[in-house]
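Step one of this worksheet: look at the structure below.
The values are calculated or read from the model by the stated rules, or taken from the named source; none is laboratory data. None of these values were measured; they are calculated from a predicted model. Heads up, the Cβs are rebuilt from the backbone with ideal geometry, glycines too, and the neighbour counts pull from every protein chain shown.
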Amino acid sequence: MDVGLLTALIAVPAAFAVVLALLSPRDTAQLRLVSLAGTVVTLVLAVVLVVQFQVGEAGFQLEESVEWIPQWGITYRLGVDGISLLLVVLTAVIMPLVVLAAWEQTERAKGFHLALLTLESALIGVFLGLDLLLFYVFFEVMLVPMYALIGVWGGANRRYASVKFFLYTLVGGLFMLLGILYLSFSAGGTFDYDAIMALDLTRTEQIWLFWTFFIAFAIKLPLFPLHTWLPDAHTEAPTVGSVVLAAVMLKIGGYGFLRFNLPLFPEATELYAGPILAAGVIGVLYGALVAMVQTDVKRLVAYSSVAHLGFVAIGIFALQPTAAGGAVVQMVNHGLTTGCLFLLIGFMYERTHSRMIADYSGLMKSTPVFGGLFLFAVMSSIALPGLNGFVGEFPILIGTYQTVPWAAVAAAFGVIFAALYLLWAYQRMFHGPVGGHAATMTDLTPREVAVVAPLLVLMLVIGLYPKPLYDRVTPSVEQVLTQVEADLAAAGAGDDVSEASE
């Protein structure tokens, strides 16, 4: 098979990781240059993907397929639609910035950059895989480099956090594997996405299988009450680990709901949409209230992720096109905004070795560049009109209100709470007399400004002109929801026929 663009997106970071493995661990400069080159080449390929993607088409494009292990029914099949396109591009944008952010990393630099490149390859594979076993392989492979990033380069309690992260996600993945194997047997021994989509599953089968996939993706999102691993992982992870985790890895949960749960199990989706919406609303409010009482600013942002990703779950399970499209765009927005906040917090921590809110006062006076950029990211996070957070959360609320008004009204309070906990923390750290660590902290360097600048520019551009994102994601989201409606209508008609015959 000729190597296509999608294969190249997965293979390039993996190939650069192989080159990296052959280099001397003592040559830190060469290691980081190779790592940066691998992520930049991948970003260029992602730009090519955007150019080649046909706007307005709902189905999979640029497909590549070849028999991989035919005796087991496993196919190497890749494809991209509007949903996966945005997440692939998000991954490709984040990774070079992560490498630049860790430019001064010297401790075990070879293993550090190997983990980053391997993680990028696996993440892109997750979003492109259209064979369920291939998807599962990428889904599990990405756990290893993230486990290493937390466990080796993390904080004082890194072992506990890394093991908790690994066990939660591994157990969720094993539930999904059981569902994948059942679907494969039902489809005659194939793992191909289209073949499994064509299965006529009974309502009982859908209910059981729905939960095998749902648990895996709800942990990954993470959806309340399966979120408890996330604050610990963020708190102990190095800066780049938190950025990749928040910006990209958590999005696999929302992606999985749209790619697998909704289209494969429509009857179960309809049955459980209400309780899941309730869990999403609880996540929005709970995450915001717990964030409000945090003393560690990094942990505050971690709990804000629970709140913001609760909006994603609400948008998806409202089963309404505007809300679901907003959920996908909000995944991108959250990746940019929260990734930026974690980068800025990391730059601060490198200088002072403290993330305690009480240890800072008057940062805006002592570090005006840092203070201004942090405020910009905060405004994006609280969904200020004109910035990217607004164009994701507002459509979610509007679309959800059309189908489930109570969920939209309750979730709207989360927007208010977000303004409270973020602006209150900002006021304590950045305003008032200069005191604590702010008295000796230096402002951002040109390299650090260059790292966060692309994220800030994208926040503004998307906030002012989100149309290119919605043009690409809306057809794919509408196709999923239309298929769900058609399957539900067919199931209802079948029930009516059965009742009539009785």
* For GLN427, which of the numbered conditions (1) of a type outside the set (Gly, Ala, Ser); (2) closer than 30 Å to ALA358 by Cβ; (3) touching a residue at least 60 places away in the same chain (Cβ under 8 Å); (4) not in a loop (DSSP other than H, G, I, E, B) fails to hold? -> (3)
* Asked: In the set MET146, MET176, which member is modelled with pLDDT of 95 or more and part of a helix (DSSP H, G or I)?
  -> MET176
* To do: Within the range 221-243, identify whether any single residue is over 15 Å from the mean Cα position of the chain (by Cα) and under 30 Å from ALA486 (Cβ atoms), and answer yes or no.
  => no
* Structure fact -> Of the listed residues (LEU285, LEU271, LEU319, LEU289), the one being surrounded by fewer than 24 Cβ atoms within 10 Å (Cβ to Cβ) and on the phi > 0 side of the Ramachandran plot is LEU319
* Asked: Can you name the residue in the range 327-361 that is assigned to a helix (DSSP H, G or I) and among the hydroxyl-bearing types (Ser, Thr, Tyr) and, of all such residues, is farthest from ILE396 (Cα to Cα)?
  -> THR352
* To do: For ALA407, indicate whether it is of a type in the set (A, V, I, L, M), under 15 Å from PHE311 (Cβ atoms) and not in a helix (DSSP H, G or I).
  => no
* Asked: For the range 185-205, which residues satisfy the criterion of being under 24 Å from THR169 (Cβ atoms) and touching a helix residue (DSSP H, G or I) at 6+ places or on another chain (Cβ under 6 Å)?
  -> PHE191, ILE196
* Failed criterion for THR204 (all others in (1) more than 23 Å from the chain's Cα centre (by Cα); (2) assigned to a helix (DSSP H, G or I); (3) surrounded by 21 or more Cβ atoms within 10 Å (Cβ to Cβ) hold) -> (3)
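So that you can scan it fast, the table gives a plain yes or no per residue for (1) of a type in the set (Gly, Ala, Ser); (2) without any contact (Cβ under 8 Å) to a residue 60 or more places away in the chain:
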site	(1), (2)
LEU309	no, no
ILE314	no, no
GLN320	no, no
ALA324	yes, no
THR337	no, no
PHE342	no, no
PHE347	no, no
ARG355	no, yes
* Asked: Can you name the residue in the range 44-63 that is part of a strand (DSSP E or B) and of a type outside the set (A, V, I, L, M) and, of all such residues, is nearest to TYR193 (Cα to Cα)?
  -> GLU63
* Give the residue that is surrounded by the fewest Cβ atoms within 10 Å (Cβ to Cβ), with candidates limited to residues of the range 228-267 that are of a type in the set (A, V, I, L, M, F, W, C) and outside any helix (DSSP H, G or I). => LEU250
* Hey, can you tell me all the residues within the range 69-82 that are in a loop (DSSP other than H, G, I, E, B) and modelled with pLDDT of 90 or more? => ASP81
* Any idea which of (1) surrounded by fewer than 23 Cβ atoms within 10 Å (Cβ to Cβ); (2) over 19 Å from the mean Cα position of the chain (by Cα); (3) part of a helix (DSSP H, G or I) is the one GLU140 doesn't satisfy? -> (2)
* Among residues belonging to the range 69-96 that are within 17 Å of ILE196 (Cα to Cα) and hydroxyl-bearing (Ser, Thr, Tyr), point out the one that is surrounded by the most Cβ atoms within 10 Å (Cβ to Cβ). => THR75
* Specify the residue that is farthest from CYS340 (Cα to Cα); the eligible residues are those in the range 383-395 that are surrounded by 22 or more Cβ atoms within 10 Å (Cβ to Cβ) and not polar (S, T, N, Q). => PRO395
* For GLY189, are the conditions met, namely being closer than 22 Å to THR75 by Cα, of a type outside the set (S, T, N, Q), out of contact with any strand residue (DSSP E or B) (no Cβ under 6 Å at 6 or more places or on another chain) and outside any helix (DSSP H, G or I)? -> yes
* Answer yes or no as to whether LEU85 is under 18 Å from GLY256 (Cα atoms), in a helix (DSSP H, G or I), under 17 Å from the mean Cα position of the chain (by Cα) and modelled with pLDDT of 95 or more. => yes
* Asked: Is it the case that some residue within the range 451-458 is out of contact with any helix residue (DSSP H, G or I) (no Cβ under 7 Å at 6 or more places or on another chain), surrounded by fewer than 19 Cβ atoms within 10 Å (Cβ to Cβ), touching a residue at least 60 places away in the same chain (Cβ under 8 Å) and not charged (D, E, K, R)?
  -> no
* Structure fact -> Among THR442, THR400, the single one that is of a type in the set (Val, Ile, Thr) and part of a loop (DSSP other than H, G, I, E, B) is THR442
* For the range 6-31, what are the residues that are buried (at least 22 other Cβ atoms within 10 Å of the Cβ) and under 19 Å from LYS110 (Cα atoms)? -> VAL12, PRO13, PHE16, ALA17, LEU20, LEU31
* Return the residue satisfying two criteria in turn: it lies in the range 423-449 and is among the hydrophobic types (A, V, I, L, M, F, W, C) and within 13 Å of LEU344 (Cβ to Cβ), and of such residues it is surrounded by the fewest Cβ atoms within 10 Å (Cβ to Cβ). => VAL449
* Asked: Between a first residue in the range 201-212 that is touching a residue at least 60 places away in the same chain (Cβ under 8 Å) and a second residue that is surrounded by 15 or more Cβ atoms within 10 Å (Cβ to Cβ) and of a type outside the set (A, V, I, L, M, F, W, C), which pairs have beta carbons less than 8 Å apart while being 6 or more apart in sequence or on different chains?
  -> LEU201/SER186; ARG203/GLU267; GLN206/PRO266; GLN206/GLU267; ILE207/GLU267; PHE210/ASN261; PHE210/THR269; PHE210/TYR272
* **Pick from the range 365-375, criterion crowded, with 19+ Cβ neighbours inside 10 Å and in a helix (DSSP H, G or I), ranking: farthest from the chain's Cα centre (by Cα)** => SER366
* **VAL66, sole failed condition from (1) outside any helix (DSSP H, G or I); (2) over 22 Å from VAL141 (Cβ atoms); (3) not basic (Lys, Arg)** => (2)
